[in-house]
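Novice: What follows is a structure written as structure tokens; I'll ask about it next.
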Amino acid sequence: MAQICEITRKRVPHTHNLGEGEQADKLLKRKIEIKEIKDAVRLKVSKQGLERIKQAGGLGKWISQQSEEQLKNNPKFKKLYDRLPESMKPKKQEEEKAEEAEAKE
């Protein structure tokens with residue numbers, strides 16, 4: 001099975017393609033907790049992937065920032081997105097326009 005980070009979607013290079021003194025970044029198998037739904041998920045992530053999750057403020061917030069097309073590529077994240085509370089999900093443009101119209105009236 002290919003070693004691909006589930007967050008960044010980048011592959012780990014084969015060690016025979018690296019020069020002397022270079023080390024291949026390995027994927028880390030981590031159990032990451034999602035506080036919003038009180039659950040944890042096991043992921044294979046790179047160091048950069050962990051940094052992206054940390055910068056977003058957690059896995060739940062990172063998932064809520066992703067577009068629908070990115071979520072379709074990984075069914076694990078799609079299921080987690082469906083379990084997130086409505087307050088974390090981004091509003092669609094149509095809903096925002098309707099709310100603005102109601103506020104003006």
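Novice: Pull out all pairs, ordered by first then second residue, where Cβ-Cβ is under 8 Å, the residues are six or more apart or on different chains, the first lies in the range 51-64 and is in contact (Cβ under 8 Å) with a residue 12 or more places away in the chain, and the second is acidic (Asp, Glu).
Specialist: Gly58/Glu36; Leu59/Glu33; Gly60/Glu36
Novice: For the range 52-71, state whether one or more residues are under 21 Å from Thr8 (Cα atoms), at pLDDT 85 or above and of a type in the set (Asp, Glu).
Specialist: For the range 52-71, residues under 21 Å from Thr8 (Cα atoms), at pLDDT 85 or above and of a type in the set (Asp, Glu): absent.
Novice: Also, quick follow-up: Tell me, please, whether a residue that is β-branched (Val, Ile, Thr) and closer than 22 Å to Pro90 by Cα can be found in the range 53-71.
Specialist: Yes, the conditions are met somewhere in the range 53-71.
Novice: Name the residue that is farthest from Tyr81 (Cα to Cα), counting only residues in the range 25-49 that are touching a Lys or Arg at 6+ places or on another chain (Cβ under 7 Å) and outside any strand (DSSP E or B).
Specialist: Asp25
Novice: Return the only residue of Glu69, Glu6, Glu22 being assigned to a loop (DSSP other than H, G, I, E, B) and out of contact with any Lys or Arg (no Cβ under 8 Å at 6 or more places or on another chain).
Specialist: Of the residues listed, the single one that is assigned to a loop (DSSP other than H, G, I, E, B) and out of contact with any Lys or Arg (no Cβ under 8 Å at 6 or more places or on another chain) is Glu22.
Novice: Restricting to the range 12-52, name every residue that is within 15 Å of Asn74 (Cβ to Cβ), basic (Lys, Arg) and surrounded by 12 or more Cβ atoms within 10 Å (Cβ to Cβ).
Specialist: Lys44, Arg52
Novice: Evaluate the range 72-93: report whether one residue or more is modelled with pLDDT under 90, of a type in the set (Asp, Glu) and surrounded by 12 or more Cβ atoms within 10 Å (Cβ to Cβ).
Specialist: No, the range 72-93 has no match at all.
Novice: Can I ask one more? What is the number of the single condition among (1) assigned to a helix (DSSP H, G or I); (2) at pLDDT 80 or above that Ala103 does not meet?
Specialist: If we test Ala103 against (1) assigned to a helix (DSSP H, G or I); (2) at pLDDT 80 or above, just (2) comes out false.
The values are calculated or read from the model by the stated rules, or taken from the named source; none is laboratory data. Owing to the predicted nature of the structure, the values given are computational and were not obtained by experimental measurement. Don't worry about glycine lacking a Cβ; one is built from the backbone with ideal geometry, like all the others, and counts go over all protein chains shown.
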